[in-house]
């Protein structure tokens, strides 16, 4: 894979990021090690996780995905080759600062993530979602402290509105502090409006790289599932997010165009998102190496000229 620069961070990342929410949930540690090995052997170097992954699973207190990654990094002795992104904000301990984007939560959560990952510095540290209770000046000052202390190389956000992203940047500017440089947004062929309507313009104006999550619509854009299907439980809620007649039409056109090009629908869907302004490295999840291999093959897929634009037009129709 050819590495590319992640916005203004200066970090060189693979064109696809391996999401690891599934590690310690429906992918056990042995399979996770194998998957990360497979990804690196294919040229990948970008992993995304979060401190809370996956505390909704029975017996999982959170932090398990980070721990698995940490043990793999130690075992493979390849920390310098990898770009590691993680997130904070979710509830990780009891008490008033057990969750949120307060200074006390961010600083403690970062130290905890560093310990679980077994690293000296986190490459990209992200606010998992917004916190409208804590003043943004406090949040940005805490992230700036982590950058100045050398615990974090770059900071980013996830699930922020355009207005809140812009106001956070303004708060950082007033304090002459570190700025958000990445945006992990929910963005795909059938979920476009939230990002494209306003957030993308902010990212373009401030050189913020988009690392979209759910680029395959929770599996809907693989062409293997329909919104009326009853897929396995870890996909059900994700596919329900994209339930609409408009999405159905877009998926049907995606499948038609993929058939014309002789590629898998998921490969065309990934190439579409990768072609969008500000997008650097879509975050993909997989259950098996075979699934990950099909995803990575999208980088080599021969997509006819004009097909991306045709898909853009088809998915924008009401």
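Can you name every residue in the stretch 46-67 that is over 21 Å from residue 106 (Cα atoms) and surrounded by 22 or more Cβ atoms within 10 Å (Cβ to Cβ)?
Result: 46, single match.
Which residues, counting only those in the stretch 88-101, are closer than 23 Å to residue 123 by Cβ and more than 22 Å from the chain's Cα centre (by Cα)?
Passing the criteria: none in range.
Report whether or not residue 141 is more than 18 Å from residue 186 (Cα to Cα), in contact with a helix residue (DSSP H, G or I) (Cβ under 7 Å, 6 or more places away or on another chain) and touching a residue at least 12 places away in the same chain (Cβ under 8 Å).
So residue 141 fits the description; yes.
Touching a helix residue (DSSP H, G or I) at 6+ places or on another chain (Cβ under 7 Å), more than 30 Å from residue 77 (Cβ to Cβ) and in a helix (DSSP H, G or I), is that true of residue 171? Full working, then the answer.
Numbers: touching a helix residue (DSSP H, G or I) at 6+ places or on another chain (Cβ under 7 Å): yes; more than 30 Å from residue 77 (Cβ to Cβ): yes; in a helix (DSSP H, G or I): yes.
Yes; evaluated as a whole, the condition is true for this residue.
Residues in the stretch 156-174: is at least one closer than 23 Å to residue 80 by Cα and in contact (Cβ under 8 Å) with a residue 12 or more places away in the chain? Can you show your working first?
As a first pass, look at the stretch 156-174 and keep what is closer than 23 Å to residue 80 by Cα: 156.
Retained after the next criterion (residues that are in contact (Cβ under 8 Å) with a residue 12 or more places away in the chain): 156.
Yes: the stretch 156-174 contains one or more residues that are closer than 23 Å to residue 80 by Cα and in contact (Cβ under 8 Å) with a residue 12 or more places away in the chain.
Can you tell me which condition residue 303 does not meet? The list is (1) touching a residue at least 40 places away in the same chain (Cβ under 8 Å); (2) farther than 26 Å from residue 202 by Cβ; (3) part of a helix (DSSP H, G or I), and all the others hold.
Going through the list (1) touching a residue at least 40 places away in the same chain (Cβ under 8 Å); (2) farther than 26 Å from residue 202 by Cβ; (3) part of a helix (DSSP H, G or I), residue 303 breaks only (3).
Among all residue pairs at least 6 apart or on different chains, which show Cβ distances below 7 Å where the first residue, located in the stretch 266-290, is without any contact (Cβ under 8 Å) to a residue 40 or more places away in the chain and the second is surrounded by fewer than 22 Cβ atoms within 10 Å (Cβ to Cβ) and part of a loop (DSSP other than H, G, I, E, B)?
267/301; 271/301; 271/303
Between 101, 47, which is in contact with a strand residue (DSSP E or B) (Cβ under 9 Å, 6 or more places away or on another chain), within 19 Å of residue 157 (Cβ to Cβ) and in a strand (DSSP E or B)? Reasoning before the result, please.
On the way: 101 fails: in a strand (DSSP E or B).
Result: 47 is the single residue among 101, 47 that is in contact with a strand residue (DSSP E or B) (Cβ under 9 Å, 6 or more places away or on another chain), within 19 Å of residue 157 (Cβ to Cβ) and in a strand (DSSP E or B).
What are the residues in the stretch 108-125 that are under 26 Å from residue 161 (Cβ atoms) and touching a residue at least 60 places away in the same chain (Cβ under 8 Å), if any?
Once the filter is applied, which keeps residues that are under 26 Å from residue 161 (Cβ atoms) and touching a residue at least 60 places away in the same chain (Cβ under 8 Å), the stretch 108-125 yields 113, 123, 124.
Each reported figure results from applying straightforward, stated rules to the coordinates on display, with no laboratory input. All values derive from a computational prediction rather than experimental measurement. Neighbour counts are summed over all protein chains in view; Cβ atoms, including those assigned to glycine, are modelled from backbone coordinates with ideal geometry.
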